[in-house]
Each structure stands twice: as C-alpha cells, then as structure tokens.
Amino acid sequence: MTIKIFNTINRKKEIFRPVKSNSASMYVCGPTVYSHPHIGNARAALVPDILFRLLRRTYQTVTYIRNITDVDDKISDAAFKQNKTVYEISESFIKIYQDNMTSLGILEPTLQPRVTDNMPSIITTIKKILKNGFAYVSDNHVLFDTSKYKEYGKLSKRTLDEMIDGARIEIADYKKSPRDFILWKPSNENQPGWESPWGMGRPGWHIECTAMIKNIIGDDCTLDIHGGGNDLIFPHHENEIAQGSCMSSSKYCNYWFHNGIVLVNKKKMSKSLGNVILLDDLLKNNSSNTLRLALLSAHYRQPLNWSDSTLIESNNLIKKFTSLAKSYTGDISDYDDLDHEVVGILSDDLNTPEVIKYLSELAKGAKTSQRDLACLIVSAKFIGLDLLANNKVLPKSIDEDLIKSLIDERSKARSSGDFKKADEIRDKLLSMGILIKDLEGETVWDYNSD
Ligand SMILES: [Zn+2]
C-alpha cells in the first residue's frame, strides 16, 4: 500500500518513500514536563500514533522516537514556585504524561529518550557544528550563526524580516544577529547545569532534538519523518534543520509532518483565558474511545474545534458502535483482509474524518451483516477504538433501557424544577456505576468500572 503524506517543506502531498525500503523512522517532539497534559498535547501524541499504526502495518521495522524534554527553564520555574527540585517536577510529570497517554490508548513509542540522559551527545553535536564553522562562542554562550547557513528559512518560508519580527527572537549583546539561536547557555547555581568546554551550562531547546535524533539514527543517516505541532515549524524545526545540516553532510529529514492546533469553542487555548482543558479531567468522565474519536474528528492538518458537541457526537457514535459490537458472535479470523479499506483511507494523508464516515457506513450494514460488523470492529481497532473492550466493562446486569429511562425521568424532574428528585436519580445511577454528564442540554452517560 502506498502511503501519501503532506510534506510541510514542499507544501504538498507526497508519496512516502523511506530511506530503507523495509523500515521507517519517525521522530516527534515530545512534551516538556512541567505541567499536566492538555487536549492539545493529546492531539500532538494521537496524530503520530495513527501514523505509527499505519507505518507498522506497512513496514517491517518502524522506529518511532518521541523525546522527553526534562531540562527547561519552565521546569526550573515550576520547581522554584513549588519548592521542589527540577528532578522531582520532571519525574512526576513524566509519570502523569505517560499515564494519560496509556489511558488514551496511545501506543508506546519505540524509544523515549530524555534530554538529561543525552548530555554527552548534545555537547558532541555542538562541537561538530562549531568545528564546521556554523557556530560561535560568545560570552559563555554557543550560538548558531544563521548567516552561514544559506537554506535558513526553507521550511517556514519566512523572510529575514519576518523571522526577526514574528518569532519574539531575543535580541542580545552576545548575538551577531538577532536570528542567531542558542546552542548552549551558562547556568547559575540555581539552574541545572553540566560541565562543558564552554563552562557550566545547559543546552538550548532546539539542539536537544537534533542531538537525540543523530545519536539514535547515526550522524550520516537521514530521518524519514519528523513530526510535531505546526506551532513548532518556526523556529524549532527550522533550527533543527540548520543544526542537522551543519553537523553532517547528509540531509536531515525527508518528510515534515505537522498537526494543527486545538481550539476550545473556536478560541485559542490559554491560561489567561482560563480555557485550558486538561486530559486528566476529560479522562475522568469520558472513555478513551470517545476521546480518541473526538480528537480524530477533524483532519490532522486542520485546527480541531473542541466543544461539548464534539464530545456528544463522539459519545453517541461510540455508543452506537459498541452496542452493535455486542451482537457479534463470530470469530474475526473467519474473514480476510478486513482492515484493507481503513488502511487505504488512512494512506491518503491520514484522512481520519473519512475513516469515521466509513465506520458509520459499516454500522448501517452491521445490523444485518456479520461481515460488516466484523469489519467495523477491526477497522475501529485499527485507529485504536476498542469496541469489544467496552462491552467487557459493561456488566450484563446493567440494563441500557433502564439507564435511558432514568435519564429521561431526571431530565423531566430538572425541567419541572424538582432538583431533589433529579439528584436522587443521579445518585441512583452512580450507585450502578453510571456517570452522567449534562452537555448542551443533552445528558450523556458512561460506565465507570471503578
Ligand atoms: Zn523538537
């Protein structure tokens, strides 16, 4: 099966051809671990998860690397504010991040390198860039000399002025040009630091990814796919290309793969607006199936608008699919090639909205055809929706009709102002393990096995 993906650097959909015919390598910029993952982090992990599943289906070996940035000034700030060590902050948020990702059914990457484990290779990478004449030392800093690298700006297609004005680039005395970026910077006694030829210090963010990639695939190898949110195109990925291309003569990466942002009720998520949706909170009230489907409802390159109705629609679809899956009595292995169609749809630039349409079509046929039903189960499974697992957690003793009638009764009680009765019904449902949630005038429910 031919896979086509949109390559940001060429601004077009291209046939994916890995460097080695039977294997593929993919690197995705992972989390900086200083706070709870939000819905944007979930999308940034789920989109490559779908690509990883597709690549695994197509190639014998897939090396999927997602790093962990465990040295950063944001981590140091969080540690200072909470009176903890940098290590305590990063360790606790690594655990939270990984637990959240597991709950969301995201496959573990092949490798998850941490910056703190890669300091020697980061220092070696900086030395190579210096030796090749693309960096300079100034006031205990090492800076990349952007004037020396003629291709700078090729990924983001920004002009020199746009790069200086648009990216809040720090203008500092030790820089030859405001475009130049930090490879190494000095640390004071309150900041994490490592011995280096340029004194006690720590790396800039961009060099970490380049050093970890090269350390894993080899200096003279080209990475097949590099992914991340499209907010990382400039300056982070632009700088990665510059570093990678100036420490080795081989091309840094062939395909640049970026996902769009998550908006909440059409607004950008921000702490100041108070509209940041944490994954922890969503996972309390929603199944992994519902959240995955909601996150995949928009094409990965488009912004995803998150609202109550996104959740309602996904929840309703999952209910429909899982209740159909309950009537499946056959053996999936009775049929061949059930995932052929879903693989085909995903192979065209990961078209998940089209997959969801396809699942809904299958659901129509699944009422009468065991093959369609088997196909629905297998195709959903391909994008990480486990329609059968949900059946297992819903005990036989739970009567869905009873739940629906209790929810109706509660809605009537609420609209007539009888909140006492409404609360009693909510408690009764809770005692049955049923969690309910009121979203945009509609009540949705989920079974909680805990
Ligand atoms: Zn990165």
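The values are calculated or read from the model by the stated rules, or taken from the named source; none is laboratory data. Bear in mind that the values here come from a model prediction, so they are computed numbers and not experimental data. Neighbour counts run over all protein chains shown; Cβ positions are idealised from the backbone, glycine included.
Quick rundown of the values:
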item	result
Cross-chain or 6+ apart pairs with Cβ under 6 Å, the stretch 60-77 first and under 17 Å from Leu107 (Cα atoms) and within 13 Å of the ligand (Cβ to nearest atom), then at pLDDT 95 or above and part of a strand (DSSP E or B)	Ile65/Tyr27; Ile65/Leu111; Arg66/Val28; Ile68/Arg114
Qualifying residue in the stretch 26-41 (condition: part of a helix (DSSP H, G or I), within 16 Å of the ligand (Cβ to nearest atom) and either in contact with a strand residue (DSSP E or B) (Cβ under 8 Å, 6 or more places away or on another chain) or not assigned by TED's automatic domain parsing to the domain that holds Ala211 (or both))	yes
Among the residues listed as Thr102, Thr85, Thr116, the single one being more than 24 Å from Val62 (Cβ to Cβ) and either within 20 Å of the chain's Cα centre (by Cα) or free of Cβ contacts under 8 Å to residues at least 40 places away in the same chain (or both)	Thr85
Count of the stretch 201-235 residues which are in contact with a strand residue (DSSP E or B) (Cβ under 7 Å, 6 or more places away or on another chain) and away from the ligand (no atom under 15 Å from the Cβ)	4
Residue among Asp99, Asp77 that is assigned to a helix (DSSP H, G or I), at pLDDT 95 or above and of a type in the set (Asp, Glu)	Asp99
Selection within the stretch 400-427 - out of contact with any helix residue (DSSP H, G or I) (no Cβ under 9 Å at 6 or more places or on another chain) and of a type in the set (A, V, I, L, M)	Leu402
The stretch 196-231: number of residues that are on the phi > 0 side of the Ramachandran plot and within 21 Å of the chain's Cα centre (by Cα)	1
Considering residues of the stretch 172-185 that are away from the ligand (no atom under 16 Å from the Cβ) and under 22 Å from Asp117 (Cβ atoms) only, the residue surrounded by the fewest Cβ atoms within 10 Å (Cβ to Cβ)	Lys185
Some residue of the stretch 185-192 being under 15 Å from Leu130 (Cα atoms), at pLDDT 95 or above and in the same structural domain as Ser147 (by TED's automatic domain parsing)	yes
Qualifying residue in the stretch 290-310 (condition: over 20 Å from the mean Cα position of the chain (by Cα) and among the polar types (S, T, N, Q))	yes
Cβ-Cβ under 9 Å pairs, at least 6 apart or on other chains, the stretch 237-251 side over 12 Å from His206 (Cβ atoms) and charged (D, E, K, R), far side in a loop (DSSP other than H, G, I, E, B) and away from the ligand (no atom under 16 Å from the Cβ)	Lys251/Thr222
Answer from Asp145, Asp161 - the residue that is over 27 Å from Pro48 (Cβ atoms), buried (at least 19 other Cβ atoms within 10 Å of the Cβ), out of contact with any Pro (no Cβ under 7 Å at 6 or more places or on another chain) and without any contact (Cβ under 8 Å) to a residue 40 or more places away in the chain	Asp145
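Residue by residue, here is whether (1) acidic (Asp, Glu); (2) part of a loop (DSSP other than H, G, I, E, B); (3) touching a residue at least 40 places away in the same chain (Cβ under 8 Å); (4) touching a strand residue (DSSP E or B) at 6+ places or on another chain (Cβ under 8 Å) holds:
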position	(1), (2), (3), (4)
Val355	no, no, yes, no
Lys364	no, no, no, no
Ala380	no, no, yes, no
Gly384	no, yes, yes, no
Asp401	yes, no, no, no
Leu406	no, no, no, no
Ser411	no, no, no, yes
Asp423	yes, no, no, no
Arg426	no, no, no, yes
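For every residue, the table says whether it meets (1) assigned to a helix (DSSP H, G or I); (2) of a type in the set (Val, Ile, Thr); (3) buried (at least 19 other Cβ atoms within 10 Å of the Cβ).
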position	(1), (2), (3)
Met1	no, no, no
Arg43	yes, no, yes
Leu46	yes, no, yes
Ile50	yes, yes, yes
Ile65	no, yes, yes
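Every residue, every condition in (1) within 16 Å of the ligand (Cβ to nearest atom); (2) crowded, with 21+ Cβ neighbours inside 10 Å, yes or no:
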position: Glu240; (1), (2): yes, yes
position: Gln243; (1), (2): yes, yes
position: Leu263; (1), (2): no, no
position: Asn285; (1), (2): no, no
position: Ala294; (1), (2): no, yes
position: Gln302; (1), (2): no, no
position: Ala325; (1), (2): no, yes
position: Tyr328; (1), (2): no, no
